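A.B. asks: Before I ask anything, let me first share the structure, which is written out below as structure tokens.
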Amino acid sequence: MRRDVKKMRLREFLESLNEGMILIEYQPSDHPERAFLEILTFFKEKGVTPVVVDIKDSLQVFVQQLKLQGFKIKVDDLKVIKEGGRATVGELLGKIDEFEDFTHHIGKYWEVYKKISSEERKTLIILGLHKFLNQIKPDITKIEAYFEVIGRRHLQESGRVAFLFLNIGASSKYFRKGLEEIADCVLRVDKYQNVLVR
């Protein structure tokens, strides 16, 4: 595991970011939805609307939590790939409900993803990652294959960034360590929107 190296505001981190796969870890008592809003706001100010991978209605939960806290969030223009779940938030690009056959799941995901224009998929945000990982345990080869598609393949062109939100309180240490090894940078966001860069 990487050692803690620096603590900074999330926006400061985003301003220093050029590309890469960023793992954002949080506990159930934290407010990851605020980090999500900060990331959306930052990129929209730059004219970029991220593509959101919504695993089992996590996007709806994040949006609802923000509204309950008094934050305004515009999601109608979000490009959304749904993995399971029922609630549709934003502009639905495609939905994958197949989880039992992992190879089929990955194939369906890539079919949806490759239809998105190169510019639109410049920034990717994955919500509810633990909900997906818990379904494919304990096969690390499947995890690696999953991130090869949604992460590394996404980042083959320069200037692309992927944010992976992981509830570490609902994930095994096995998965967490595996993801920390795969990620280019690991962040832990606190309630004040400070990030601990690991």
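The values are calculated or read from the model by the stated rules, or taken from the named source; none is laboratory data. Small disclaimer: the values here were computed from a predicted structure and weren't measured. All Cβ positions, even for glycine, are placed from backbone atoms using ideal geometry, and neighbour counts span all protein chains on display. Each accessible area value is taken on the protein alone, full model and side chains, heavy atoms only, with ligands, DNA and RNA left out. Shrake-Rupley method; radii C 1.70, N 1.55, O 1.52, S 1.80 Å.
A.B. asks: Modelled with pLDDT under 75 and of a type outside the set (S, T, N, Q): does that describe Glu100?
C.D. replies: yes
A.B. asks: Name the single residue, out of those in region 123-133 being in contact with a strand residue (DSSP E or B) (Cβ under 6 Å, 6 or more places away or on another chain) and open to solvent by less than 20 Å² (accessible area, probe 1.4 Å), that is farthest from Gln60 (Cα to Cα).
C.D. replies: Checked region 123-133; the qualifying residue farthest from Gln60 (Cα to Cα) is Thr123.
A.B. asks: Let me ask something additional. Please state which one of Ile73, Ile81, Ile39 is of a type outside the set (Gly, Ala, Ser) and assigned to a strand (DSSP E or B).
C.D. replies: It is Ile81.
Residues are listed down the side, and each one gets a yes or a no for (1) out of contact with any strand residue (DSSP E or B) (no Cβ under 6 Å at 6 or more places or on another chain); (2) surrounded by fewer than 18 Cβ atoms within 10 Å (Cβ to Cβ):
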residue: Ser16; (1), (2): yes, yes
residue: Ile24; (1), (2): no, no
residue: Phe42; (1), (2): yes, no
residue: Val48; (1), (2): no, yes
residue: Lys67; (1), (2): yes, yes
residue: Lys74; (1), (2): yes, yes
residue: Val89; (1), (2): yes, no
residue: Thr103; (1), (2): yes, yes
residue: Lys115; (1), (2): yes, yes
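A.B. asks: Look at Glu120 and say whether it is part of a loop (DSSP other than H, G, I, E, B), open to solvent by 50 Å² or more (accessible area, probe 1.4 Å) and modelled with pLDDT of 80 or more.
C.D. replies: Yes, satisfied.
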